[in-house]
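A quick write-up on the structure given underneath.
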Amino acid sequence: MPATTTGAPAVKILPAPSDLPEPLPEPGIDELRLETVLGALSDPLRLTIVRKLLLESEDFDHTCGWFGLDRPKSSLTHHFKALREAGITRQRQYGLERRSQVRVEDLDARFPGLLALVAAWTPQA
């Protein structure tokens with residue numbers, strides 16, 4: 001699905017596999033709050049994580065190792081949990097690992113244009 005602004009990068013949406021585990025607890029679509037979502041996205045690392053998922057996904061969902069972030073595992077766990085609890089990402093447990101994906105449909109329905117802004121954001125070098 002292309003992003004909603006002209007010239008913005010295209011957001012990748014990959015089909016869901018048939019054998020997905022249940023998602024970890026997350027807010028329902030009606031419980032998503034703009035101030036909570038924006039608060040989670042105010043951290044540049046979390047914004048980078050969401051942008052990478054939107055634009056570079058290779059699979060339906062990804063482990064934290066896929067991102068290639070040079071951070072301690074405890075720090076990454078905190079950031080991924082913050083994104084899930086804000087309702088930005090959905091996480092599933094696959095054995096000992098958790099995989100994440102952006103809740104594109106839910107966020108587009110609740111906050112139209114927000115993900116297009118995230119996709120168009122350029123990280124500082």
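Filtered by the rule that a residue be outside any helix (DSSP H, G or I) and more than 26 Å from Ser18 (Cα to Cα), region 83-125 gives Phe111, Pro112, Gly113, Trp121, Thr122, Pro123, Gln124, Ala125.
To keep it simple, each residue is scored yes or no on (1) of a type in the set (Lys, Arg); (2) touching a Lys or Arg at 6+ places or on another chain (Cβ under 8 Å); (3) surrounded by 12 or more Cβ atoms within 10 Å (Cβ to Cβ).
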site	(1), (2), (3)
Glu22	no, yes, no
Glu26	no, yes, yes
Thr36	no, no, yes
Glu56	no, yes, yes
Ser74	no, no, no
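With the condition kept exactly as written, say whether any residue in region 48-64 is basic (Lys, Arg) and either within 17 Å of Leu107 (Cα to Cα) or without any contact (Cβ under 8 Å) to a residue 24 or more places away in the chain (or both). Yes, region 48-64 has at least one match.
What is the residue count in region 44-58 for residues that are in contact with a Pro (Cβ under 9 Å, 6 or more places away or on another chain) and among the charged types (D, E, K, R)? Before you say what the answer is, go through the steps one by one.
In the first step, residues of region 44-58 are kept if they are in contact with a Pro (Cβ under 9 Å, 6 or more places away or on another chain); the result is 44, 47-48, 51, 54-55.
Next cut, among the charged types (D, E, K, R) only: 51.
Residues in region 44-58 being in contact with a Pro (Cβ under 9 Å, 6 or more places away or on another chain) and among the charged types (D, E, K, R): 1 in total.
The set of residues in region 92-110 that are of a type in the set (S, T, N, Q) and buried (at least 20 other Cβ atoms within 10 Å of the Cβ) comprises Ser100, Gln101. Of all positions in region 58-69, at least one carries a residue that is surrounded by fewer than 17 Cβ atoms within 10 Å (Cβ to Cβ), of a type outside the set (Ser, Thr, Tyr) and either in a strand (DSSP E or B) or on the phi > 0 side of the Ramachandran plot (or both). As a summary of the residue check, His78 satisfies the conditions (1) surrounded by fewer than 16 Cβ atoms within 10 Å (Cβ to Cβ); (2) part of a helix (DSSP H, G or I); (3) modelled with pLDDT under 85; (4) not charged (D, E, K, R) except for the one numbered (3).
If we scan region 83-90, do we find a residue that is under 12 Å from the mean Cα position of the chain (by Cα), surrounded by fewer than 17 Cβ atoms within 10 Å (Cβ to Cβ) and at pLDDT below 95? So far as region 83-90 goes, no, none of its residues is under 12 Å from the mean Cα position of the chain (by Cα), surrounded by fewer than 17 Cβ atoms within 10 Å (Cβ to Cβ) and at pLDDT below 95.
The values are calculated or read from the model by the stated rules, or taken from the named source; none is laboratory data. Note that the structure is predicted; figures quoted are calculated from it, not measured. Cβ coordinates were reconstructed from backbone atoms using ideal geometry, including for glycine residues, and neighbour counts include every protein chain displayed.
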